[in-house]
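What follows is one structure encoded as structure tokens, with my remarks underneath.
A short reminder: the numbers here are calculations on the coordinates, not readings from a lab. In this text the structure is predicted, and so the values were computed from the model without any measurement. Cβ coordinates were reconstructed from backbone atoms using ideal geometry, including for glycine residues, and neighbour counts include every protein chain displayed.
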Amino acid sequence: MGDMAMRGFPRKDGRKGIRNVVAVAYLVECAHHVSRLIVQRSGADDVHLIGFPGCYPNKYSLDIMQRLCTHPNVGAVLLVSLGCEGFNREQLRRYIAASGRPVDLLVIQQSGGTTRTLNAGLDIVRRMRAELAKQVPVPMALNELVIGTVCGGSDGTSGITANPAVGRCFDWLIENDAACIFEETGELIGCERIMASRAITPELGREIEACVDKAANYYRIMGYGSFAPGNAEGGLTTLEEKSMGAYSKSGSSPISGLIKPGDIPLSLITHLEVGVHSAGALSARVGDHGGALSISVRRHGRQVLATSLGPGSLHAAHARRDTIDESYATSANVSLASYFPA
């Protein structure tokens, strides 16, 4: 199939983004309010809010924020700091600047408080948007896309209507060399053996099972799982039933890898990437404004945030067929009927 008529914004690292957003990133919870006001009062759909709520030095969160702020769909970044937190704001600013993106930093305690920081932030966002508007998009091929799914209001029909349709879409995209991500570790409990049967090696299959087991153990400790009253009202009866519906979004392509938080998805091979968020508190909260840094597919048909880079996420990839261990991928054929006996 020839390249579709898509265009993207080229980045210094060779990747391309289909969006060119300004990310406003708070570096401590105390700067969250001001950052949110900047985003809201900008009145622009291409200004998104991300951030880290902790008040302590944290290498893991610094790594996550570096990845988020240099996401292909991010064109410029405004960092908002209170001033007394432990987050390494200068390191983050240097990292973003090295990526070729415009970046600015506001420190509330140095800017004169909430109102002055808010006004300064709005001025910076306006300048950044004007600068990004001058950038010219370039042709973009299907094999440069990374597309993900997220969860969203599962009911009794999700697993037999919208979700399988997403799976078919994923298979088509993968056959045309795009990269696809599906997630939801906690909502794939009961399907780990089926996912493992699609892994290209026995070792990867065991990793997938261990990842889901970790989420299941978390739910046991918490005393409840990922099953809301709305799921039951919509016709779902068990977590396993919900899991089968979530799993159907993944299509049928072989799984060839596991991505951890902050990892950058492979872009030069054909792959299905399974990004599954696991139990645990998010170190870097994304999408507070409801915006989306990533391309994603949701059962409601909206473009929303893909959580493949969220802490504890699982990610698997469908590699070129000549790299697949066919003997394993085809012999471990586990059916839903055998795994969920009546």
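Here are some notes:
- Packing-based ranking, highest mean first, of 186-198, 134-146 given that Cβ atoms within 10 Å are counted: 186-198, 134-146
- Relative contact order (percent, whole number), region 178-249, Cα cutoff 8 Å, 6+ residue spacing: 43 percent
- Near Gly121, once Lys and Arg are set to +1 and Asp and Glu to -1 for all other residues with Cβ below 14 Å from its Cβ, the sum equals +4.
- Loop trypsin sites (Lys or Arg not before Pro), region 1-96 (other Cβ atoms within 10 Å of the site Cβ: 10 or fewer; DSSP): Lys12
- For Tyr219, Tyr95, order by how many other beta-carbon atoms lie within 10 Å, fewest first: Tyr219, Tyr95
- Sequence of Cys55, Cys30, Cys180 once ranked by neighbouring C-beta atoms within 10 Å, starting from the fewest: Cys55, Cys30, Cys180
- When you work out D = kT/(6 pi eta Rh) for region 104-256 at 10 °C and 1.306 mPa s, using the Kirkwood radius from C-alpha pairs as Rh and the Stokes-Einstein form, the result is 84 µm²/s.
- Dimensionless Rg/Rh of region 180-264 - Kirkwood Rh, Rg from C-alpha atoms: 0.98
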